[in-house]
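Engineer: Please find one structure pasted underneath; my questions will follow.
Each value in this text was obtained by applying a stated rule to the coordinates, not by laboratory testing. Remember, predicted model here, so these are calculated numbers, not experimental data. When we count neighbours, we look across all protein chains shown, and the Cβ atoms used for this are built from the backbone with ideal geometry, even at glycine.
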Amino acid sequence: MAASPPQTQAQWRTGVLLALGGLVLWLLYSLSITLHQTEKIRKEIYAIEAQNEALREDILQKEQYLSYLQTPERITKEAKAQLGRMEAGEEVIVIHRQSPSYLQQATLERSPIPEEIESLRERTIPEKWRALFFG
């Protein structure tokens, strides 16, 4: 049986509408993918710009430090420190980091003998505190 012309036309319109609807859905999907990628790229650009700004500030600080290091006063100071030189009228002060011998000797004289250590181990905590404060 052959379909009547109005049914064929209605089926044709339905097919066209379904195809157009599918095309619209595909375009919307493509648009959403493109918008998502654009936003992702925009975030990456923002992060790279922030990183560039931080690097510019770091370069500026290092350039300032380099210009400080290249000043004649700094070069002279460093040369004096490393070579131990001095100009006329300057005095050099040497500081030794070792403790004086009399402090070392006093420490050795006051070191507890093993018997005192044993007596400390046998005492209770309040007795140790009493001995510390009252002798």
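Engineer: Multiply the residue gap between Ser32 and Leu17 by 0.36 nm, knock off their C-alpha separation, and tell me the result in nm, one decimal place.
Structural biologist: Additional length available on full extension: 3.2 nm.
Engineer: In terms of the Cα gyration tensor, with a ≥ b ≥ c the square roots of its eigenvalues, is the stretch 12-93 rounded because a/c is under 1.5, prolate because a/b exceeds b/c, or oblate?
Structural biologist: Because a/c hits 1.5 or more and a/b exceeds b/c, the stretch 12-93 counts as prolate.
Engineer: Less than 14 Å Cβ to Cβ from Leu69, Lys/Arg counted +1 and Asp/Glu -1: what total charge do the surrounding residues give?
Structural biologist: Cβ neighbours under 14 Å give a net charge of 0.
Engineer: Also, I was wondering about something else. On full extension of the chain, what length is gained from Lys77 through Arg56, given 0.36 nm per residue of separation minus the C-alpha to C-alpha distance?
Structural biologist: Net length gain for the segment: 4.6 nm.
Engineer: Under 28 Å from the Cα of Lys77, which lysines turn up, not counting those fewer than eight places away in the same chain?
Structural biologist: Partners within reach: Lys62.
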